[in-house]
Amino acid sequence: MRTSITNYLLFIFFIGLVASCQSAKPTFSKRGETYKSAREIAEEKRQSRKQARMAARSGGKVKGKVASKDRTSRTNVPNARRLDENVETVIQTARSYTGTPYKWGGTTRVGMDCSGLLCTSFQSINVNLPRTSEEQSRFGKTVKVRELKEGDLVFFGANKFSREITHVGMVTEVNNDNEVKFIHASTSLGVIENNLYSDYWQKIFIKAVRPFDE
């Protein structure tokens, strides 16, 4: 009986660990559905909180309902300053975990895996990424290596012959044609930054996506 209870508790713990950081509504990660960028999601949540505060001040009634709706609709227009702030926030959050050891399914300073690092970093701007690297590879539009920018996500396979995505990182610096730094959770060294153009990473690179609108 005691063994059965212990096994049940371990099962519940495992399920919670795998599900950690997973979006409650990851519809944007499914093929064929409308994609929303990280900027749009963060902006919508800011606007929602702003309207809630306005409603609270006015006793639950928001004055100028039509005008409020128009302001919300304008959040779809790219804002370069807001975009830069979001990218910087996500990168700074990811870098704050530098040195954290690798732990499969981890999302804390005790230990992190590659997709968990990005989930936690994007939560700093209230954006929930899908939990796996393969799902994250569909969170944005595909970009070419020569077009990479800070905040872009880069994806890798297990070896140079594999096209199955098993690893993910985020671009932190684009210095020149020979150095594009990305941060990721390495299985051997933990959270670290590497150069995408190194021979090892070039051999297993599969694709890159841009989660932030331009």
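The values are calculated or read from the model by the stated rules, or taken from the named source; none is laboratory data. Everything numeric here is computed off the predicted structure, so don't read it as measured data. Glycine gets a Cβ as well: all are built from the backbone with ideal geometry, and neighbour counts include every protein chain shown.
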Which one of the conditions (1) under 16 Å from Ser37 (Cα atoms); (2) at pLDDT below 95 does Lys63 fail to meet, given that it meets all the rest? (1)
Restricting attention to segment 136-176, and to residues there that are of a type in the set (Lys, Arg) and in contact (Cβ under 8 Å) with a residue 40 or more places away in the chain, which single residue is farthest from Ser37 (Cα to Cα)? Lys160
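Here is a yes/no grid of residues against (1) crowded, with 16+ Cβ neighbours inside 10 Å; (2) on the phi > 0 side of the Ramachandran plot:
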site	(1), (2)
Gly105	yes, yes
Arg109	no, no
Cys119	yes, no
Ser124	yes, no
Gln136	yes, no
Lys141	no, no
Can you go through Val191, Val180 and tell me which one is closer than 22 Å to Lys103 by Cβ, buried (at least 18 other Cβ atoms within 10 Å of the Cβ) and not aromatic (Phe, Trp, Tyr)? Val191
Within segment 180-214, can you find the residues that are modelled with pLDDT under 95 and part of a strand (DSSP E or B)? none
Which condition number does Val154 fail, the rest of (1) surrounded by fewer than 19 Cβ atoms within 10 Å (Cβ to Cβ); (2) under 15 Å from Ala208 (Cβ atoms); (3) touching a Gly at 6+ places or on another chain (Cβ under 7 Å) being met? (1)
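Rundown of residues vs (1) of a type in the set (Asp, Glu); (2) within 21 Å of Glu40 (Cα to Cα); (3) more than 16 Å from the chain's Cα centre (by Cα); (4) not in a helix (DSSP H, G or I), yes/no style:
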{"position": "Ile91", "(1), (2), (3), (4)": "no, yes, no, no"}
{"position": "Ser121", "(1), (2), (3), (4)": "no, yes, no, no"}
{"position": "Arg131", "(1), (2), (3), (4)": "no, yes, no, yes"}
{"position": "Glu134", "(1), (2), (3), (4)": "yes, no, no, no"}
{"position": "Gly151", "(1), (2), (3), (4)": "no, yes, no, yes"}
{"position": "Lys160", "(1), (2), (3), (4)": "no, no, yes, yes"}
{"position": "Val168", "(1), (2), (3), (4)": "no, no, no, yes"}
{"position": "Asn175", "(1), (2), (3), (4)": "no, no, yes, yes"}
In this structure, does Arg146 turn out to be more than 19 Å from Val90 (Cα to Cα) and not in a loop (DSSP other than H, G, I, E, B)? yes
Go over the candidates Ser162, Ser133 one by one and state the one that is more than 18 Å from Asp113 (Cα to Cα) and polar (S, T, N, Q). Ser162
